[in-house]
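See below for the structure under consideration.
Taken together, the values in this text are just the output of simple stated rules run on the coordinates, not laboratory data. The model shown is predicted, which means the values in this text are computed figures rather than measured ones. Cβ: placed from backbone, ideal geometry, glycine included. Neighbour counts: every protein chain shown.
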Amino acid sequence: MTGDLRVAVIGVGHLGRHHARILSGLPGVRLVGVVDTNEARAAEIASGSGTTAFTDYRALFEEVDAVTVAVPTESHIEVACPFLERGIPVLVEKPIARSEREAEALLEVATAGGAFVAAGHTERYNPAVQAALPFVTTPRFVEVHRLGVFPERSLDIDVVFDLMIHDLDIVSALVRSPVASLEAVGVPVLTPRVDIANVRLRFESGCIANLTASRISRDRVRKIRFFQPDSYISIDYAAREVEAYHLSRPPGERPVIAGGKLSVPQQEPLALELADFVAAVRDERPPMVTGEDGRRAVRLAEQIAREIEDRM
């Protein structure tokens, strides 16, 4: 592909506005438009990003080489599929769909249209996660806490699909083993949907992962810890910090604990995600987080949601 890549952002609310900000400044990219059903919001974001505002995504079918979709989850398949049918790659924010059935339908349309779907699991691009990857080898126990204050967004989905799904993707990618069983509990506190949830995943490898997600906490916490033979890795997603320790056994000496903080580049995860999406479109290669990864996360979230519902 020669010339600037023509990209548009569909949905410029809480997250989509950041898509527009970043894409408008990426080298080799021309942000040809932003779309939102809220005309005033579309105009505001377009003005700040030096592009054109639209209220109907269908006006862009002939104008783009790729799009990012950051509309409410319930509209993902409706918005993404017409572009995929036309062979236009799409980055769909997490969760890529409301159910595994919808996710599969999305991927089938992409395959038929000869395009790819990238899943917007931004934490996979977090520099802290990337720095920790080489050290997570044989995890036996994983502890995750993702706690946030009550939001004014994403209330069309429960906390499992809204927040926990980030960590379901990370844990699945790093444990690299199928889930054998799970136990989950959740409580709707401030909304009709589950606002706080805990799940215990048992993987076929023997690893156990304990995940807690809340959107009704006073403090913001986004941490994940990996315990494995002779080593421990702790990731603070928000601070973008990693600590890694291991047991060193010098010959003829007592074992000692070695390690400490790792060097982590201070880069914006969303900027890295969008740069990877653009590069994948240009190079005609899969993105780092594929639509299949997104489907896997949705499938696990759906299993957890069913388990919670059965217990309520």
Global size of segment 13-67 as Cα Rg and Dmax, reported in angstrom: 10.3, 29
With an 8 Å cut-off on Cα pairs and a minimum separation of 6 or more residues, tell me the relative contact order of the chain in percent. 18
Assuming 0.36 nm per residue, please report the length gained on full extension of the stretch Arg176 to Arg140 beyond their Cα-Cα distance. 11.8 nm
Rg/Rh ratio calculated on Cα atoms of segment 194-238 (Kirkwood radius): 1.03
Neighbours of Tyr232 by Cβ distance under 12 Å: Lys/Arg at +1, Asp/Glu at -1, summed charge -1
Rounded to a whole number, the Stokes-Einstein D of the chain in µm²/s (Kirkwood radius over Cα pairs; 20 °C; 1.002 mPa s) is 105
Over the alpha-carbon set of segment 1-149, divide Rg by the Kirkwood Rh and report the Rg/Rh ratio to two decimals. 1.02
Under 12 Å, Cβ to Cβ, from Thr111 - net charge with Lys/Arg +1 and Asp/Glu -1: -4
Expected vector for segment 54-60, Karplus 3J(HN,Hα) from phi with 6.51, -1.76, 1.60 and θ = phi - 60°, integer Hz, x for Gly and Pro, equals 9, 10, 10, 5, 5, 6, 9
Can you work out the base-10 log of I(q)/I(0) for segment 150-283 at q = 0.23 1/Å, using the Debye formula on its C-alpha atoms alone? -1.35
For segment 227-312, the Kirkwood Rh over every pair of distinct alpha carbons, in Å, works out to 17.2
